[in-house]
Amino acid sequence: MVRSELHSHIAAVEGMDDFDQEAVLAKVHLAEGDILMVSGSLVDGSGTPSSDFDFSVIAQSKDERFHRDTFPRESHMRYYTSGDRVKASFDYLPHSLLGVDVEYWTVQEISDLLAAHSQLYGHMKTRARKSSSFAASAVDFRLLSRLTYGVPLTNAAGFEKITAEIRPGEIAYTAFRTAVGSYPDFRDLAGMWAQGDHESALIAARKLGVDTFRGLTHAYGNTNRNPKYLARFLTRLPDSLSGLTGRFRQLNAYGPGSAADAADAILEWLDIIDLAFAAVRRVRDEADAFVGREEFLGLLRSELHRTMSWNAEISNEYCFRAREATDDVPSLRSMLSAMERREAVEHTLPLHQWASGRAAPAGENNKSA
């Protein structure tokens, strides 16, 4: 049964109809009662004829496959451990460039992971800033994403019981919050621009653009944070966005024609980032798990207090960050121009009004910020 299921889900990829199923499954080490899930690019529609087979073995409890000394490692090119705990194995098929990548989990570990993500999601709903990768390090986003679309080849009932606890929209929002909202990235770009270092500014603009467009795919439900196939994820967005995503793909993949075109390319990046934010604003209120626009502005307001050392930098930061929730902010081109002059860009956000009467909020160390 597992062999026919494997072939039916993988052979749809062009050029993948002649793989040796017995050789693939020999690398997996299944036991009675295991859930064998196939996922990765071969299942999510972004696979190629040389994509790895990405499997997750979810066992009812730990056994000899989970320990360094008893794992059948001699049949693999390499395997990965955390201390004594075997996490994954990898090998290529004989006479082939096809890899077989297997991760080993228990049902309890998956349950604990989902609980950890639920806590993280609750935390991120209280933040208006981009979350660093360190804040999300307790959660394996790759596995979470794969659980939202993976296909069980064995023990489908057990897989259904596990995935009943998954909330794809919440995973998409935590992924979104790790992509969008980094004012320091824009500030770096502005500093490079002011110095006339267009090469570095172009690299910074490209990073900001990739993060923003990745965030756009998350607003439409994509749970995968890996930007490797971002262009393919963008093709799945509504046709009404095809012009914008086409401009992104052209600029991201091929860039300016020469160094003389770098300044214009930076400004083009800022234009399409603004348009991507506009698209995010249009869709986020329809995404149930996302913080709505008014709620997000409330989070911004909660960070401000009347005792702050008010300056142009604060004004520019909140103008940048508010654009994911309100149309009433100047363009990034305007911000860049103002920051080049070391000034605050003109905007209508009532920052002082928001801060009126508020004392400094508690910091992460439970002391005054």
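Ranked from highest to lowest mean number of other Cβ atoms within 10 Å per residue, what is the order of the peptides 99-107, 115-123?
Values: 99-107: 20.0, 115-123: 15.2.
Descending packing order for the listed peptides: 99-107, 115-123.
On a per residue basis, the range 147-287 carries 44 Å² of accessible surface, using protein heavy atoms and a 1.4 Å probe.
Heavy-atom surface analysis with a 1.4 Å probe gives the range 32-101 a carbon and sulfur content of 50 percent of its accessible area. Between the C-alpha center of the range 148-172 and that of the range 300-328 there is a gap of 40 Å. So, R0 is 22 Å and r is the distance between the beta-carbons of Asn226 and Glu286; what FRET efficiency does that work out to, to 0.05? Using R0 = 22 Å, I get an efficiency of 0.35. The residue list Ala175, Thr163, Val139 was ranked by how far each Cα lies along the charge dipole of the range 139-219 toward its positive end, using unit charges on Cβ atoms, and Thr163 comes out on top. For the pair Ala360 and Ser111, label points projected 7 Å from Cα toward Cβ lie 4.4 nm apart. Using the rule -39500 (n - 2.57) for each DSSP H run of four or more residues, divided by the residues of the chain, the 222 nm mean residue ellipticity is -14500 deg cm²/dmol. In the full protein context, the range 22-77 carries 42 Å² of accessible surface per residue, based on a 1.4 Å probe and ignoring ligands, DNA and RNA.
Using a probe of 1.4 angstrom, how much of the accessible area of the range 160-236 is carbon and sulfur, in percent? Its accessible area is 48 percent carbon and sulfur atoms. Rounded to the nearest 20, the size of the Cβ-charge dipole of the chain about its Cα centre is 1100 debye, with Lys and Arg at +1 and Asp and Glu at -1. Positive-end ranking of Gly40, Tyr121, Val107 along the dipole of the range 32-140, with charges on Cβ about the Cα centre, is headed by Tyr121. Taking every alpha-carbon pair under 8 Å whose residues sit at least 6 apart, the range 247-369 reaches a relative contact order of 26 percent. Ligands, DNA and RNA left out, the 1.4 Å accessible surface of the range 278-334 is 42% carbon and sulfur atoms. Taking every full run of DSSP H in the chain, the ones that stretch at least 20 Å from end to end by Cα along their long axis and average -0.5 or higher on the Kyte-Doolittle scale are 107-124, 198-219, 262-284.
Rounded to the nearest 20 debye, the dipole size of the range 44-180 about its Cα centre is 720 debye, using +1 on the Cβ of Lys and Arg and -1 on the Cβ of Asp and Glu. Dimensions of the range 252-369 along the principal axes, based on C-alpha atoms and rounded to the nearest Å, stand at 52, 39, 29, largest first.
Both radii are taken from the alpha-carbon atoms of the range 76-116; with Rh as the Kirkwood radius, Rg/Rh is 1.13.
Across the range 30-106, Cα pairs under 8 Å and at least six residues apart give a relative contact order of 30 percent. Rounded to the nearest 5, the antiparallel percentage of DSSP beta bridges internal to the chain is 75%.
If you place +1 on the Cβ of every Lys and Arg and -1 on the Cβ of every Asp and Glu, how big does the dipole about the Cα centre of the range 146-205 come out, in debye to the nearest 20?
I would put it at about 300 debye.
Using only Cα coordinates, the Kirkwood hydrodynamic radius of the chain works out to 23.0 Å.
The values are calculated or read from the model by the stated rules, or taken from the named source; none is laboratory data. Worth saying up front: this structure is predicted, and the values here are computed from it rather than measured. No Cβ is skipped: glycine too gets one built from the backbone with ideal geometry, and neighbour counts run over all protein chains shown. We work out accessible area using only protein heavy atoms, side chains counted, and drop any ligands, DNA or RNA first. Shrake-Rupley method; radii C 1.70, N 1.55, O 1.52, S 1.80 Å.
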